[in-house]
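Please read the structure below before turning to the comments.
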Amino acid sequence: MPDILQLIINQTSPDNNVRKSSELEFNEVVKSNPSESSYLILEASLNNSIPIDLRQSCLLHLKRLVPKFWSLGFSSFIGPPIDQELKKVIRTKLLELVLGSGNSKIRNGAAYAIVQIASVDYPDEWPDLINQLYAAASDLNNEEAMLGGLQVLTDLVDDLITEEQFWDGGVGLGINSHLNQILQNPGINISVKSQALKLYENVLAVFQSPEAFANAARKKIVLREVSGTLEILLNLIKSDGVNLIQLDFKSNLFKVIGSVIGHFHQRISIELKRSVLTATIQNLHLLAPVCNSIALNTYHAPELSELDAQDVLNALIYNLFSTISSTQHDIPISEVASIGEFCKDAIVCTALAKVKVEEYEEDINSYVSDVTGLSVDIIARDAILDLWSELNETDARGICAMIIDSFSSDERLLEAELYTLEGLLSNDAQLPEVPLSTLLSFIKYDSKIVTSRCILLLPKYFENFMEKEARRVFADIVTFAGKGGALIQISTLVSCSYFQHVIEFSTLDSSLQLSIFKLAYALLDECDEDGLPVLLEAIVSGIPINPKHAADQQIVAGVSVVDIIFKIAFKDPANVQLISDSSDCLTALLQNIDTQDYINACEKSLPFIFEIMEKSNGEYTPQLYLSLELLGIILKSAPGELPPRIFEYAYPILRNVLLRSSDDQILQSGGEVFDELIRKASNLFVNYKDPSSGISGLESMMQIVSKFLSPQLSDSAANKCGLIVASLVNEFQDYLSPQLLTQILEATVNRLVIAKQSITIENLIMVFCRLVLKSPEDTINFLSSMVVNQKSGLEAVLPIWFESYEVTRGFDQIKQNSLALAKIFTLGDPRISNLVVNGEIIPYDGDMIITRSMAKAMPDRYTQISAALKILKLLVGELQFQCQQPSADDFANGEENNEVQADDDEEGWEDMDDIGVPNFAKLKSYVDDHKDRPEDDSLKALLVEFFRECTSKNLGNFSHYYEQLNDNEKKIVGECLIF
């Protein structure tokens, strides 16, 4: 056998050829003899003379081999299986490694492999695993065994221990009791306690689950255990150690304490919560100087520490303030501590680190990520801000008064005070008014970070005070920002969205629109990632200031707002948020403009898009996808029919992209654009001829339609084919020969039969839905005349239609489907009534116990009913759903009518109780065919009218099928028709 260790080493080679060949050879070696390969890899991982990273790599490879060669219990098993005796050795050796290694990397690797194997071997093949781990975790004289045992138990509690074992088998209580002993034992190392705390988090997750409250006994046990552990955790946070390891441990303690109090808030005694709040605030006072030292880069962390001081403090402060938030509603902070001291400490912990301020000044994108909440990092300031926004009124008023009484002269602390004030202004408490002049005095060019925070604070200020001054101040800020630095400018643009909550932008001076656009243009080069959407959002905010002339604005010579939108969007075309924002921006810009302004906007935007499309070979690129998305917006925004010049320019380029492409995303987006073009330029297609080939517009259009209906196209690519065909039939039915129309519809049926994705099926069904609404008899005749897979088209389409109807999304689509099915029923066509389809599912009634895997393999069984009856059942189900939805009248009617309506309802229900479930004759006697109907085109009203007509005129032989409805369905129809 080749040297398997060398093959593992070579798989990390920087030489791509060596790496690939080693991976291939390794896979072949393992596949040919998985037992021997596994043994050799195991031996290497146990060899202390081999470098740690290589041993760790061996454990990782062993973990990867398990699902493929261990047993059939793994869904990815390919075999042959590893020898049974060798499996015992592997299990034993891995357990020895995880319980005996002093290296965390080796311990982690062995633990991962154990958990992987245990997922199929425990408890049948490895019954003593939990006991072995529990014994190791209880060995107070062996730190390595405790760490390893606790680590594996942490993963197993979540994955393998059943509810019965956890609760009835005593495993949960046993583990919890043991963890309490570890956590309160002063002689146990903090690293072991940290691992114990991780295991407790998994135990706590079970305690917080619904199954913990399945009965009174469990509930009592959980509350007792949780309160007991909380007392132990409370004692642990009282320690005054401030080295990084201790602080990291405290961070995890506060995380767990906050979770416990947050979940069991009402069950924990007020005295215990008071003690927690007191100890937490004492910790804050202890940590504030450390936090300040780290922020100012004067903290001396151990040189060899794996922990980062800033990250540790950030997480600790976040968890600490989350704990305060969970308790302060019951006990005001001012009752257990000096509110002045607390406020001072909180502001110190809120203040930006020196390195963070420098980062913001160098990279405004980092600043935007943080201030808009888009950062994926845990930011302590977020938890602090949350506290201020929900702080009890007593403390909120006290802290607000302290801040406005004496603002700091230190810029970092002043920014933190303004940030605190911003959070308090989000609070519902009645706060003392902050002088506006004081806040405006902080806005200076030479104080960027303070000015930026003040600009972001002001919209929230005006939501609480002096709203009438908001328009003037906003205008001044926009003007001021024009000469400011990047931080001030981006803060102003971010604030535009916030100011919209207090200002109607359409009332602003029209000159501000150009100023906002210019700010966005000025930051275009500096912005990327999270910064770019802010520019587009600001432009969207600015458009309503002067909507009719927004598209005409010249930012600088030769640069319009359309140019800016495109420059921003194409700077990062793969950014999903940017695609959405640029689409919204372009839609807002082109909304309600006249034809000439629309043509002008197209002349500025389309050449750029078409250049990208003309160069494309149809393969996916972010630029091509974005071009199609924006082209779709432009076509959709055309006022009336698309101008001929635009069509003649756009269509040939779009056609070439669609015919060349085989990419799902491009065809999906391009199909939507093509559908928009059909609906916006139907007359232009008729008269169009390709200048190079002489092909007519209809003929070239049919080439595209044929591609979308091709069975070779994936469901995802053909996603829009139903919409395209529906638009084609709707717009060009008079121009298509009967033979061609028949071919299109036959191809649509064939495409529908093979479709799998629900959205593709829904769109294809809409073709027949619209045909039925136009001419139900002709549609049924057509479907009956064609053959698909040895069945008529009617037999092929209707069952799919019925299944799709139950999951169709969108009100308009549901409404059109309902009306179309109703029309089919009222035909009373024997081809419909004689067609047998699936009714309701038949539950399994055998004696055999059916597992979930068996249930998946067993085909569902259904009752067999007439398609006409199926239609009625579907429409009754939709009527029931519509009856449960509140109408506009429900909201419009005042409370004064409630009692009268209740009385009427009670009388009505009494009548309904008297008549029971009406048979058809009784139902018909209640229906007043000549009663005036209110004009109401809601789906509920239309369905009620359908059943009323069917009842009074016995449309579609309704009397026959009504008697086949179940009692609940009859009752729904009766209630809707009679009352």
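Listing for the model above:
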item	result
Those lysines that a straight Cα-Cα span of less than 22 Å connects to Lys354, excepting residues fewer than 8 apart in one chain	Lys344, Lys444, Lys448
Exceeding the 28 Å Cα-Cα cut-off - candidates Lys707/Lys774; Lys791/Lys873; Lys604/Lys815; Lys219/Lys273; Lys707/Lys940	Lys604/Lys815; Lys707/Lys940
Gain in span if fully extended, Arg267 to Val787, counting 0.36 nm per residue against the direct Cα distance	180.4 nm
Solvent-accessible area of Ser833 with every protein chain in place, 1.4 Å probe, in Å² to the nearest 10	40
Tensor-based shape of the stretch 1-88 (alpha-carbon gyration tensor, a/c under 1.5 rounded, otherwise prolate or oblate)	oblate
Cross-link reach list, lysines versus Lys93, counting only Cα pairs under 19 Å and skipping chain neighbours closer than eight places	Lys63, Lys105
Three-way shape label, the stretch 425-489, alpha-carbon gyration tensor, a/c 1.5	prolate
Length added when fully stretched, Arg224-Phe77, from 0.36 nm per residue minus Cα-Cα	48.5 nm
Solvent-accessible area per residue, Å², over the chain with all protein chains present [probe radius 1.4 Å]	46
Burial order of peptide ranges 875-883, 424-432 (average beta-carbon count within 10 Å, highest first)	875-883, 424-432
Over the chain: helical MRE at 222 nm, DSSP H runs n ≥ 4 each giving -39500 (n - 2.57), nearest 500	-22000 deg cm²/dmol
The chain: projected area of the alpha-carbon convex hull, averaged over directions, in nm²	51.8
Selection from Leu965, Leu740, Leu287, by position along the positive dipole direction of the chain (Cβ)	Leu740
Protection proxy ranking, peptides 809-819, 47-57, average beta carbon neighbours within 10 Å, highest first	809-819, 47-57
Mean Cα-pair separation over length for the stretch 621-730, i.e. relative contact order, pairs under 8 Å, 6 or more apart, %	31
Whole-angstrom gap from the stretch 938-957 to the stretch 543-611, using each part's C-alpha centre	49
Cα-centred dipole magnitude for the stretch 265-430, charges only on beta-carbon of K, R (+1) and D, E (-1), debye, nearest 20	640
Exposure of Arg107 as accessible area (Å², to 10), given a probe of 1.4 Å and all protein chains	20
Surface/4 of the Cα convex hull for the stretch 433-585, nm²	8.7
Student exercise, the chain dipole from Lys, Arg, Asp, Glu Cβ charges, in Debye to nearest 20	2100
With Cα atoms, 0 to 90° folded angle of helix 644-660 axis to the chain main axis	70
Share of carbon and sulfur in the accessible heavy-atom surface of the chain [1.4 Å probe, %]	48
Virtual paramagnetic centre 7 Å along Cα→Cβ of Lys615, amide N under 14 Å, in the stretch 641-665	none
Projected label distance in nm at Gln884 and Ser239, using a 7 Å step from Cα toward the beta-carbon	5.4
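The values are calculated or read from the model by the stated rules, or taken from the named source; none is laboratory data. Nothing here was measured: the structure is a model prediction, and the numbers come from that model. Cβ sites come from the backbone with ideal geometry, for glycine too, and all protein chains shown count toward neighbours. Heads up: the accessible areas ignore ligands, DNA and RNA and are worked out on the full protein's heavy atoms, side chains in. Shrake-Rupley method; radii C 1.70, N 1.55, O 1.52, S 1.80 Å.
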